[in-house]
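The values are calculated or read from the model by the stated rules, or taken from the named source; none is laboratory data. Note that the coordinates shown come from a computational prediction; the quantities given were computed from them, not determined experimentally. Counting neighbours? That spans all protein chains shown, and the Cβs are built from the backbone with ideal geometry, glycine included.
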Amino acid sequence: MRFLFIVQGEGRGHMTQAISLYQILARHGHQLSAVMVGQSQSRIIPQFFKKQIQAPVFTFYSPNFQLDTKRRGVSFFRTLVYNLERMPAFVRSLFRLRRMVRIYQPEIMVNFYDPLAAIYAALWRPKIKMVCIAHQYLMMHPRFVFPRGKRIARWAMLIFTRVSAWGAGKCLALSFRWMPDVPAHNLVVVPPLLRAEIKKMKPTTENFLLSYILNDGYANDIAAEHRHYSDLKIMGFWDHRDSPGVTCLQENLKYRQLDDIAFLDAMRRCCGLVSTAGFESICEAMYLGKPVFMIPVKKQIEQYCNAIDAYRAGAGLWGFDFDLTRFLDYIPKHRGNFKSFKKWVHSAEGVYTSLFKDQIHDE
């Protein structure tokens, strides 16, 4: 069967999930015809994605969050202005999506949480089937636990999530643990999409922390905390368009442009992960038995949800600042749910192949 992927380009999670699903589909004889990646001016598509996804990769402009002046949290005003100014570009992107569908004629379109793919499906109602995949769809589950308060942010996030699923035959909600499906919402709870490379790794423990931050402004916070532990090595990765390959913030604290081979190797060897609360990196750390310290991106409700959900699943700690003392004290005590999580992850291939087989034959 022929597939077309449409991938949100914010962070690395959706892209690594796309690589993982491509690997599963390829092993079962399916064809990935093309990949469309939603892009903004502040993000770049990592080279590892272009190398590992064995299909033509095209970009289009898609709505994105804009950062505050400290480049940490989300600025709602800047986000609104930015996206309103780029409405003509988004309209052109819709026609670009339509043209790519006509050229490649996929039988199934897989949307990794990009809103324009859903708007395209709502406007033109193509006959091809669409499946949506993201951890965010778990928020539609009646058993999902939200942070206290934040009702407006929760409401807005649920609206955005439902909009991103317009036209979908199924919504696949990536989850840290098994939960029952919700047929009334076409919601299927599925295991994380971890790539084959990480499943072959043999973890060790060396005396350094790994750091991954979605927004580069958080590097200053880590640097300030690290001054109390200058002998501790921290190996960091970020998506910083204007930075060189490696940026030395201070002795024993370096950040480099996102390179997934180097990132996974560091994950295999580190004694713990200090990170913003993205779903994919947390799953990789859990699979390798690494404790995680999660700091949600400010004013980004999905990151708060991820942190709480991962904490309940035994990933590690979460907080509102990079308190290395707290995390270093916790690391020797970390136990997690290593065996049950790995079993859940290893069920992924059978789950996904069965689901797509059903989509193919569901007339």
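Can you go through ILE301, ILE295 and tell me which one is out of contact with any Ser or Thr (no Cβ under 7 Å at 6 or more places or on another chain), among the hydrophobic types (A, V, I, L, M, F, W, C) and within 27 Å of PHE49 (Cβ to Cβ)?
On the way: ILE295 fails: out of contact with any Ser or Thr (no Cβ under 7 Å at 6 or more places or on another chain).
Testing whether each residue is out of contact with any Ser or Thr (no Cβ under 7 Å at 6 or more places or on another chain), among the hydrophobic types (A, V, I, L, M, F, W, C) and within 27 Å of PHE49 (Cβ to Cβ) leaves just ILE301.
Answer with yes or no whether LYS129 is of a type outside the set (Gly, Ala, Ser) and at positive phi.
Values: of a type outside the set (Gly, Ala, Ser): yes; at positive phi: no.
Criteria not met by LYS129.
Counting only residues that are not in a helix (DSSP H, G or I) and not aromatic (Phe, Trp, Tyr), how many does region 319-341 have?
Going through region 319-341, the residues not in a helix (DSSP H, G or I) turn out to be 319-323, 334-337.
Of the ones still in play, those that are also not aromatic (Phe, Trp, Tyr) are 319, 321, 323, 334-337.
Residues in region 319-341 being not in a helix (DSSP H, G or I) and not aromatic (Phe, Trp, Tyr): 7 in total.
Could you check LEU210 against (1) outside the structural domain of MET286 (by TED's automatic domain parsing); (2) within 22 Å of ALA313 (Cα to Cα) and say which number it fails?
(1)
If I ask for residues that are outside any strand (DSSP E or B) and under 13 Å from VAL35 (Cβ atoms), which ones from region 104-123 would you list? Spell out how you get there, then give the answer.
Applying the first criterion (outside any strand (DSSP E or B)) to region 104-123 yields 104-107, 113-123.
Passing the criteria: TYR104, PRO106, ASP114, ALA117.
Return the residues of region 1-53 that are within 15 Å of the chain's Cα centre (by Cα) and polar (S, T, N, Q); say none if nothing qualifies.
The answer is GLN8, THR16, GLN17, SER20, GLN39.
Within the set of pairs 6+ apart or on separate chains, which have a first residue in region 328-342 that is of a type in the set (Val, Ile, Thr), a second that is outside any helix (DSSP H, G or I), and C-beta atoms under 8 Å apart?
Going by the 8 Å Cβ cut-off, the qualifying pairs are ILE331/CYS271; ILE331/GLY272; ILE331/PRO291.
Can you list the strands (runs of 3 or more DSSP E) lying wholly within region 202-293 that have 1 or more residues being surrounded by 22 or more Cβ atoms within 10 Å (Cβ to Cβ) and touching a residue at least 60 places away in the same chain (Cβ under 8 Å)? Reasoning before the result, please.
Working: elements: 208-213, 233-238, 246-250, 253-257, 272-276.
In region 202-293, 208-213, 272-276 are the strands (runs of 3 or more DSSP E) which contain 1 or more residues that are surrounded by 22 or more Cβ atoms within 10 Å (Cβ to Cβ) and touching a residue at least 60 places away in the same chain (Cβ under 8 Å).
Quickly run through region 128-146 and pick out the residues that are touching a Cys at 6+ places or on another chain (Cβ under 7 Å) and either farther than 30 Å from ARG2 by Cα or outside any helix (DSSP H, G or I) (or both).
Those that are touching a Cys at 6+ places or on another chain (Cβ under 7 Å) and either farther than 30 Å from ARG2 by Cα or outside any helix (DSSP H, G or I) (or both): CYS132, PHE146.
So TYR304 ticks every box in (1) among the hydroxyl-bearing types (Ser, Thr, Tyr); (2) closer than 30 Å to PHE146 by Cβ; (3) assigned to a strand (DSSP E or B) but one. Which box is left unticked?
It fails just one condition, (3).
Suppose we keep only residues that are part of a loop (DSSP other than H, G, I, E, B) and of a type outside the set (Lys, Arg) within region 147-175. Which one would you say is farthest from TYR352 (Cα to Cα)?
Residues of region 147-175 that are part of a loop (DSSP other than H, G, I, E, B), as a first pass: 147-150, 165-169, 175.
Still in the running and of a type outside the set (Lys, Arg): 147, 149, 165-169, 175.
Details: PRO147: 30, GLY149: 35, ALA165: 18, TRP166: 21, GLY167: 20, ALA168: 16, GLY169: 14, SER175: 14 Å.
Among those residues, the one meeting the criterion is GLY149.
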